[in-house]
Amino acid sequence: MSIRVAKTGNEAVAEAMRQMRPDVVAAYPITPQTEIVQIFSGFVADGLVDTEMVTVESEHSAMSATVGAAAAGARAMTATSANGLALMWEIVYIAASMRLPIVMPVVNRALSGPINIHCDHSDTMGARDSGWIQIFSENAQEAYDNTLQALRIAENPNVLLPAMVTMDGFIISHAMEVMEILEDEKVREWVGEYVPENPLLDVDNPVTIGPLDLYDWNMEHKRQQAEAMVQSKAVILKVAEDYAKLTGRRYGLFEEYMLEDAEVAVVVLGSTAGTAKVVVNELRKQGVKAGLLKLRVFRPFPAEEIAAALKHVKAIAVMDRSDSFNAISGPVFAEVRSAMYGVQSAPAIVDYIYGIGGRDVTPEHIRKVYDDLANIAARGKADRILTYLGVRE
Amino acid sequence: MATLKELSTREFNISSGHRACAGCAFPMIIKQALMAADNPVVVGCATGCMEVCTTIYPYTAWKVPFIHNAFENSAATVSGVEAAYQSLRRKGKIDKKIDFIAFGGDGGTYDIGFQSLSGAMERGHDMLYICYDNQAYMNTGIQRSSATPRGANTTTSPAGKESFGKKQYRKDLTEVMVAHGIPFVAQASPAMWSDLMSKVNRALAVEGPAFMNVIQPCVLGWKYDSSQSVALAKLAVDTCYWPLYEVVEGKYKLSYKPKEKVPVREFLQKQDRFRHLFTPKNEHIIDEIQAEIDRKWEALLAKCGE
C-alpha cells in the first residue's frame with residue numbers, strides 16, 4: 001500500500017532521499033534547490049536518517065566531497081541548481097569518468113547571466129555531455145519516482161554512471177500536489193544493500209583512483225564510459241519495469257501522449273508537458289489529431305525510439321527551454337532532428353525556444369505551436385526552423 | 001611515536017620507480033609522513049607534481065589507497081572520504097581505525113584550493129592536510145604562487161631590467177590555519193625528519209583537523225644542484241626563513257632554535273632563482289628580506305614564550 005501525501009517537489013525529493021538513506025550527503029544551498037538541503041538536514045537532526053551530512057562551503061566542494069565519499073565506498077548524494085551546477089562542472093565530468101553511481105537531484109533554474117532564479121533548462125542542458133544520465137520529471141510524483149529509480153540505474157554493474165534527476169524550479173519544486181510515496185521498508189528493499197566496487201576504504205586491497213591517464217589509455221577509458229551510457233538504456237527500461245510492479249506507475253524513455261494516430265506532435269521535457277497535455281485534450285475534442293512526446297530520459301538519448309514514435313506524423317515542434325546560441329536552434333531540437341534524419345519522408349520539424357528565465361508558458365502559447373504545426377503539415381514545409389515563443393522582439 | 005628500531009621495520013608505502021625529478025624532496029615527505037602513521041592511511045592528493053609523478057596509469061607508486069580528484073579540491077575530496085568512513089563505521093560496516101591525509105602543493109593549497117582547505121578545516125573532519133610547499137607552480141613550469149617568496153624569479157614574476165622578481169612577500173598560510181582554531185598546526189622540513197614524523201604522528205592522533213606546512217626544495221624551480229635538496233631544506237630552517245614550530249590547541253611551541261641564526265643571504269645564494277638579487281641594483285632587496293625574516297622570527301619567539 002502506498003501512502004497518499006501532499007508535497008512540493010522539493011519535499012518529495014527530500015523524502016525520497018530520507019527513504020534511500022544515503023551514507024553521505026554533501027550539499028550547498030542554492031535557490032530553488034535550498035529546501036531539499038534544509039529539509040534533509042532536518043531529517044538528520046531529528047535522527048530520521050543516519051546520514052553523514054557534509055555542509056560544504058561551495059558546490060565545487062559539494063561535488064568534490066560527494067566524489068570522495070562515493071569513491072570511498074559510500075552511497076553518496078548531493079543536489080543543486082543552475083550556477084551551483086556550473087560551479088561543480090569540472091568535478092561533474094570527473095564523477096562520470098570515475099564511474100561513481102552518484103544520484104543528484106537538479107532543480108532546474110536559468111544559468112546566469114543575467115542572474116535569475118526561475119526555471120529554464122540551461123543548467124542541465126549545459127551538462128548534457130558530462131557523462132551523466134539525465135532524467136527529467138513532469139511533476140513532484142515523477143521527481144520522487146525518478147529519484148528512486150535513478151539509484152538502481154546508476155548502481156547497476158553494467159552502468160556505474162552518475163545520474164541527475166531534474167525538476168523544474170518553482171513550478172515543480174515549490175508547488176504542492178497530491179502524490180503517492182512508498183513505505184520506508186519498501187524503499188529500503190528497493191535500494192538494497194550497496195556493494196561498491198574497489199572502494200578506497202578497503203585498506204587491505206589498496207587502489208589508486210584518479211591517476212594521470214595519457215594517450216596510451218585515456219581513449220579506451222572514455223570508450224568504456226561511452227559504452228556504459230549505451231548499456232544504460234536497457235537498464236533504465238528494466239528498472240522502470242520493476243518499479244511499475246512495485247508502484248503501478250509505468251515509465252519509459254519517454255511518454256507518448258495521444259501520439260499513435262497523431263498528425264502533429266510536440267516534443268517537450270519537464271513541467272510544460274502537463275500544460276501541453278491540456279492543450280492536446282482540447283484539440284482532440286475539436287478533432288485535431290494532436291499528440292505529444294514527453295522526453296523523460298535525455299541521456300542516454302533515445303534516438304531510434306524517438307524516430308520510431310514520430311515517423312508517422314506530418315509535423316513536429318520541439319520545445320526547448322534553453323538556447324544553444326549556435327545560431328540555429330536549442331539543444332533538444334538538434335538531437336531530435338538528428339534522430340529523424342534518415343527516416344523516409346521525414347516529418348517537417350521546427351523548434352520553439354520558450355520559458356527562458358522562468359517566462360510563463362500558457363496553454364495559449366502551446367495552442368499557437370499546434371496551430372503553426374497544422375499550417376506546416378498542410379503545406380508540407382516550414383518557413384523557418386526556430387521561433388522564440390512568448391518573447392518581445 | 002614508534003622508536004627508530006620499530007620505524008626501521010616499517011615498509012615504505014611509496015615505491016621506487018616513481019617519476020619525480022632526481023633530488024626532488026616530496027618523495028621524502030611522503031615517505032616520512034606515511035611511515036609516521038600508526039594506523040592504515042588513505043591518501044588524497046591535489047593535481048600537481050606529486051600526483052603526476054606517482055600515478056601514471058597503469059602504474060601507481062602508492063601502496064596505500066590513493067585518490068586524486070582535481071587541482072583545487074584535495075581537502076574537499078578527503079573530507080568526503082572521511083565522511084564516508086564516519087558513516088560506514090557508525091553503521092558497523094568498517095571496524096578498523098583509519099587515518100586520512102590530504103596532500104597538496106602550494107598552488108593547490110595557498111591559492112586555488114584555499115577555500116576547499118578552509119572549509120574542510122572549519123567543518124572539523126578528522127584528517128591531516130599536508131602542504132608540500134615548493135613555493136611556486138612547479139608542475140606547470142615555475143609560475144609564481146602566493147607562497148613564492150619576495151625576490152624569486154619565476155616565469156610569471158620574471159626578473160628583468162625593471163623587475164627584481166616577485167614583488168610580494170609570501171602569504172603566511174600556517175598562521176592563517178592557526179587562525180582557524182583547529183587543534184593542530186605545524187611547520188616542518190624533510191631535513192629534520194624526526195621532527196616531521198613526530199608532528200605527523202601527533203597530528204594523526206588528534207581528533208579533528210590538522211594542518212602541516214612542509215617546505216619542499218625543488219631542483220628545477222629553485223635551480224640548484226640535485227644533491228642539495230636536504231641541505232637547502234635544513235638551511236631554510238637555520239636561517240629562520242622556515243621556522244619549525246607547532247600550535248597545538250592554540251598553544252605555540254618552537255620545535256627548533258638554531259644555535260646561530262644563519263643570514264638569509266646564504267640560503268638565497270645557493271639558489272639561482274635569487275641570482276639576480278646579488279647585483280648592486282637589487283642588493284637592498286636581500287636586506288629587506290632579512291629584515292622581514294627577523295621581524296617574523298622575533299614575533300614567533302614571542303608567541304612561543306622564548
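The values are calculated or read from the model by the stated rules, or taken from the named source; none is laboratory data. Just so it is clear, the structure is predicted and the values come from calculations on it, not from any experiment. Virtual Cβ from ideal backbone geometry, glycine too; neighbours counted across all protein chains shown. The area values use the complete protein model at the heavy-atom level, side chains included, leaving out ligands, DNA and RNA. Shrake-Rupley method; radii C 1.70, N 1.55, O 1.52, S 1.80 Å.
With N set to the number of residues, divide the alpha-carbon radius of gyration of region A:3-247 by 2.2 N^0.38 Å and report two decimals.
Ratio of Cα Rg to 2.2 N^0.38 Å: 0.96.
Pop the C-beta distance of A:K222 and B:H284 into the FRET formula with R0 = 51 Å and round what comes out to the nearest 0.05.
The computed FRET efficiency comes out at 0.40.
Roll a 1.4 angstrom probe over the protein heavy atoms and tell me the percent of accessible area of the protein assembly as shown that is carbon or sulfur.
Values: 14540 of 27400 Å².
Roughly 53 percent, rounded to a whole number.
Return the lysines within reach of A:K381: Cα separation strictly under 22 angstrom, same-chain partners fewer than 8 residues apart disregarded; answer none if there are no such residues.
A:K289, A:K311, A:K314, A:K368
Straight-line reach from B:K161: which aspartates and glutamates have a Cα under 16 Å away, not including same-chain ones fewer than 8 places off?
List returned: B:E283.
Would you work out which of A:V49, A:I356, A:I236 lies farthest towards the positive end of the dipole of chain A, given +1 charges on the beta-carbon of Lys and Arg and -1 on that of Asp and Glu, about the Cα centre?
About the Cα centre, the residue reaching furthest to the positive side is A:I356.
To the nearest 500 deg cm²/dmol, what mean residue ellipticity at 222 nm is calculated for chain A from DSSP H runs of n ≥ 4 alone, each contributing -39,500 (n - 2.57), summed and divided by the residues?
Dividing the helical sum by the residues of chain A leaves -13000 deg cm²/dmol.
Would you mind pulling out the separation of the Cα centroids of region A:1-16 and region A:73-146, in Å?
Taking the Cα centre of each part, region A:1-16 and region A:73-146 sit 20 Å apart.
What is chain A's relative contact order, in percent, from Cα pairs under 8 angstrom and six or more apart in sequence?
With pairs under 8 Å counted, the relative contact order is 16 percent.
Assigning unit charges at the beta carbon (Lys, Arg +1; Asp, Glu -1) and nothing else, what dipole magnitude in debye, to the nearest 20, does region A:3-247 show about its Cα centre? Provide the component values of the computation, followed by the final result.
Details: 16 positive and 34 negative charges, 75 e Å.
My answer is approximately 360 debye.
Picking from A:I328, A:A308, A:A339, whose Cα lies most toward the positive end of the charge dipole for region A:254-388 (charges on Cβ: Lys, Arg +1; Asp, Glu -1)?
A:I328
For the peptides B:163-175, A:101-113, what is the packing order when you average, over each peptide's residues, the other Cβ atoms within 10 Å and list the highest mean first?
Top to bottom by mean Cβ count within 10 Å: A:101-113, B:163-175.
With just the Cα atoms defining each centre, how far is region A:203-250 from region A:297-340? Give it in Å.
Comparing the Cα centres of region A:203-250 and region A:297-340, I get a distance of 25 Å.
For a Förster distance of 35 Å, can you work out the FRET efficiency between the beta-carbons of B:T3 and A:Y215, rounded to the nearest 0.05?
0.15
Where only protein heavy atoms count, and the probe is 1.4 Å, what is the accessible area per residue for region A:254-388 in Å²?
Values: 5730 Å² over 135 residues.
Ligands and nucleic acids excluded, the figure is 42 Å² per residue.
Show me you know the interface measure: the accessible area buried between A and B, both chains summed, probe 1.4 Å, in Å² to the nearest 100. List each step's numbers first, then the result.
Numbers: alone 17080 and 13570 Å², together 27400 Å².
Buried surface at the A/B interface: approximately 3200 Å².
On a 0 to 90 degree scale, rounded to 10, what angle separates helix B:74-90 from the longest Cα axis of chain B?
20 degrees
Counting Lys and Arg as +1 and Asp and Glu as -1, each charge on the Cβ, what is the dipole of the protein assembly as shown about the Cα centre in debye, to the nearest 20? All intermediate terms of the calculation are to be shown ahead of the outcome.
Details: 72 positive and 84 negative charges, 214 e Å.
With only Lys, Arg, Asp and Glu charged at Cβ, the dipole is about 1020 debye.
Lys/Arg Cβ at +1, Asp/Glu Cβ at -1, dipole of region B:93-173 taken about the Cα centre: which of B:G105, B:S116, B:G141 is farthest positive-ward?
So the residue furthest toward the plus end is B:G141.
For helix B:229-238, what angle does its Cα long axis make with the longest principal axis of chain B, in degrees from 0 to 90 and rounded to 10?
Tilt of helix B:229-238: around 70 degrees.
Over region B:1-126, what relative contact order in percent results from Cα pairs under 8 Å that are six or more residues apart? It would help to have the intermediate numbers written out before the result.
Values: 170 pairs, mean separation 35.6, N = 126.
Relative contact order, region B:1-126: 28 percent.
Output the relative contact order of chain B, whole-number percent, from Cα pairs under 8 angstrom with separation of 6+ residues.
Relative contact order for chain B comes out at 16 percent.
Using a Förster radius of 60 Å, what is the FRET efficiency between A:S2 and B:E298 based on their Cβ-Cβ separation? Nearest 0.05, please.
FRET efficiency, A:S2 to B:E298: 0.25.
Using a Gaussian network model of chain A with C-alpha springs under 10 Å, which one of A:K233, A:K368, A:K277 is most mobile by mean-square fluctuation?
The residue that fluctuates most here is A:K368.
Work out Dmax and Rg for region B:236-276 from the C-alpha atoms and quote the Rg first, both in angstrom.
Final numbers for Rg and Dmax: 13.2, 42 Å.
State, to one decimal in nm², a quarter of the convex hull surface area for the C-alpha atoms of region A:271-393, i.e. the direction-averaged projected area.
Over every viewing direction, the Cα hull of region A:271-393 projects on average to 7.8 nm².
Given springs between every Cα pair under 10 Å in a Gaussian network model of chain A, which of A:A334, A:A240, A:A79 has the largest fluctuation?
A:A334
Please give every one of the lysines within straight-line cross-link reach of B:K166, meaning a C-alpha to C-alpha distance under 28 Å, and leave out same-chain neighbours fewer than 8 residues apart.
B:K223, B:K234, B:K261, B:K270, B:K281, B:K296
Over the protein assembly as shown, consider all pairs of different Cα atoms and compute the Kirkwood hydrodynamic radius from their mean reciprocal separation; express it in Å, one decimal.
On the way: mean 1/r = 0.0363 Å⁻¹.
Result for the protein assembly as shown stands at 27.6 Å.
With a cut-off of at most 15 other beta carbons within 10 Å, and DSSP calling the residue loop, which GluC sites (Glu not before Pro) in region A:116-208 qualify? Please list them. Before the final figure, lay out each step's value.
Values: sites: A:E138, A:E142, A:E155, A:E177, A:E180, A:E183, A:E185, A:E189, A:E193, A:E197; in loops: A:E138, A:E183, A:E193, A:E197.
Those satisfying the criteria are A:E183, A:E193, A:E197.
How big is the dipole moment of region B:152-306 about its Cα centre under a simple scheme where the beta carbon of each Lys and Arg is +1, that of each Asp and Glu is -1, and everything else is neutral? Debye, nearest 20, please.
Roughly 240 debye for region B:152-306.
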